[in-house]
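The values are calculated or read from the model by the stated rules, or taken from the named source; none is laboratory data. All figures in this text were calculated on a predicted structure; none of them were measured in a lab. All Cβ positions, even for glycine, are placed from backbone atoms using ideal geometry, and neighbour counts span all protein chains on display.
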Amino acid sequence: MLHAGSVHANDRCNVSDDNLLQDWLTERHIEDVEAIVPDMAGAARGKVVPAAKFGKGDMKMPEGVFAQTISGDYVSDPDNIEDRDMWLVPDPETLRPVPWAADPAAAVFLDCYHRDGTPVAKSPRGVLRNVLSMYEAKGWIPVVAPEVEFYLLSPHSDPNEDAEPPEGRLGWTEGANQPYSIDTMNDFDGFVNQVYEYCEAQRINIDTISQEMGPAQFELNFLHGDPLELADQVFLFKRTVREAAINHKMHATFLSKPMAEDAGSALHIHQSVVDTQGNNIFSDEKGEPTALFYGFLGGLQKYMNEALLIFAPYVNSYRRLASPWSSPVNLAWAIDNRTVGLRVPDAPPAARRIENRLAGSDVNPYLVIAASLACGYLGMVEGLTPTEPTEGSAYGEDHSLHRHIFAAIDALRNSTAMRGMLGDSFVDLYVALKDDEYKEFQEIITPYEREILMFNV
């Protein structure tokens, strides 16, 4: 069935019947279908297909779509790309309207396959599917709930200018931090309402929204659910927020650290695991934490640094992790303590879960969920034990994360564990891309160098 969620039960469609799928498009007067392939950065690649031709005939795209850096250049290492055609297969359960389109349009995610029918290992959606298959083989079903932070910005065209918060409905710019302020959030009421409207139309199951630490910084929570479905929703949510912001003469950014003096933006992942009967395997019959719970924690502590490049994928990402203010800088864990990287919320046994607070909002949602679940999986199958929980603030503990992207690049390149979970071909390509992006950054002379160093050294 074409999954439409509880709110849109009338949108259900039997995907085994192409006629009914076409009926779904016809009933909504859909003119075009955006056929989407999420790339390594989590951006939308793909094709626009006339609705009347959707699902009729093969769709292809070169593998090179995964071998592009954030600036659009192809990876320099030729060993990481053959650029063969991929066969693109729509996932009909992801079909949904595009509410901001000028003419009626729909969007659908594509899965990528080789000619022989094997999945393309470099595809971010495929990487997540592969990790989920490892859980399935154990009779485990992971459940996640992301929390995504972002900033609204005043439009500006000069990249050398500092980013500034936008004017609200009262005509003034927020000048002080107002975390959890209802009045401040109401200042952008039109934008918030449109985000909710767009999300409802797309079956994006968002929960609450709140003002965060920075000026015009917001956090939105998602309901718990299937990891692949939630990754799809986060992907669509980022597009949604950007479009709603433009409609209100603002820009939205998911850059990890867009403002030098203010808090960075994170993507927190709440994670639990249930068995095939729906029982939370992190709690035993008495409601106490299980060995699998501690194993998941231990896996995150042991392997997160090896996978940090996925949680902090750009040079800017490490600016958020440079100081402990509103951001964890280590792999400590604790119960109901937001100063640690791995927080266990105070919750009943059936809802026992682990919140991974280390990722920035600039991540690819498919890859970061896959990597976090991979670390937890390794900890469970290896029977790892975490450290003792932190008492009090963890901000004073040692900075145990990689401080620079080149250290994270080397760590992932040399990680046997991550290669086993995410695949050699994916790791090789991802590392090559990040190598190229770092080299590109190193070629840029920054305002700091021009202002401070130019005439003083």
Going through segment 423-457 in order, the residues found to be of a type in the set (Phe, Trp, Tyr) and in a helix (DSSP H, G or I) are 426, 430, 438, 441, 448
Within segment 333-380, which residues are aliphatic (A, V, I, L, M), part of a loop (DSSP other than H, G, I, E, B) and either closer than 13 Å to residue 308 by Cα or not assigned by TED's automatic domain parsing to the domain that holds residue 430 (or both)?
358, 359, 363
Among the residues of segment 355-369, is there at least one that is within 16 Å of residue 297 (Cα to Cα) and either of a type in the set (Ser, Thr, Tyr) or more than 15 Å from the chain's Cα centre (by Cα) (or both)?
no
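Residue by residue, here is whether (1) within 19 Å of residue 146 (Cα to Cα); (2) touching a residue at least 40 places away in the same chain (Cβ under 8 Å); (3) assigned by TED's automatic domain parsing to the domain that holds residue 356 holds:
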site: 231; (1), (2), (3): yes, yes, yes
site: 234; (1), (2), (3): yes, yes, yes
site: 246; (1), (2), (3): no, no, yes
site: 256; (1), (2), (3): yes, yes, yes
site: 266; (1), (2), (3): yes, yes, yes
site: 273; (1), (2), (3): yes, yes, yes
site: 291; (1), (2), (3): no, yes, yes
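If I ask for residues that are surrounded by fewer than 16 Cβ atoms within 10 Å (Cβ to Cβ), closer than 22 Å to residue 373 by Cα and among the small types (Gly, Ala, Ser), which ones from segment 101-155 would you list? Talk me through it step by step, then tell me what you get.
Step one: of segment 101-155, the residues surrounded by fewer than 16 Cβ atoms within 10 Å (Cβ to Cβ) are 101-104, 114-118, 133, 136-139, 154-155.
Add one more test, that the residue is closer than 22 Å to residue 373 by Cα, and what stays is 133, 136-139.
Result: 133, 137, 139.
Would you mention how many residues in segment 69-123 are part of a strand (DSSP E or B) and under 20 Å from the mean Cα position of the chain (by Cα)?
Residues meeting the conditions: 7.
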Show the residue pairs meeting these rules: Cβ distance below 6 Å; 6+ apart or different chains; first residue within segment 140-155 and within 30 Å of residue 275 (Cβ to Cβ); second residue surrounded by 19 or more Cβ atoms within 10 Å (Cβ to Cβ) and among the acidic types (Asp, Glu).
147/219
Looking at the structure I just gave you, is residue 62 free of Cβ contacts under 8 Å to residues at least 12 places away in the same chain and surrounded by fewer than 15 Cβ atoms within 10 Å (Cβ to Cβ)?
no
Scan segment 290-341 for residues that are charged (D, E, K, R) and in contact with a Ser or Thr (Cβ under 9 Å, 6 or more places away or on another chain) and report the count.
4
Would you mind stating whether residue 304 is within 18 Å of residue 381 (Cα to Cα) and assigned by TED's automatic domain parsing to the domain that holds residue 418?
yes
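Looking only at segment 403-416, decide whether some residue is under 22 Å from residue 125 (Cα atoms), part of a loop (DSSP other than H, G, I, E, B) and at pLDDT 95 or above.
Residues of segment 403-416 that are under 22 Å from residue 125 (Cα atoms), as a first pass: 409, 412-413, 415-416.
Add one more test, that the residue is part of a loop (DSSP other than H, G, I, E, B), and what stays is 415.
Then keep just the ones that are at pLDDT 95 or above; that gives 415.
Yes, segment 403-416 contains a residue that is under 22 Å from residue 125 (Cα atoms), part of a loop (DSSP other than H, G, I, E, B) and at pLDDT 95 or above.
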Only one of 226, 187 is under 16 Å from the mean Cα position of the chain (by Cα) and more than 17 Å from residue 98 (Cα to Cα), namely 226
Among the residues of segment 382-402 satisfying the criterion of being β-branched (Val, Ile, Thr) and in contact with a helix residue (DSSP H, G or I) (Cβ under 8 Å, 6 or more places away or on another chain), which is surrounded by the fewest Cβ atoms within 10 Å (Cβ to Cβ)?
387
For residue 395, indicate whether it is of a type in the set (Ser, Thr, Tyr) and closer than 25 Å to residue 255 by Cα.
yes
Residues in segment 37-49: is at least one of a type in the set (Lys, Arg), in a strand (DSSP E or B) and out of contact with any Gly (no Cβ under 6 Å at 6 or more places or on another chain)?
yes
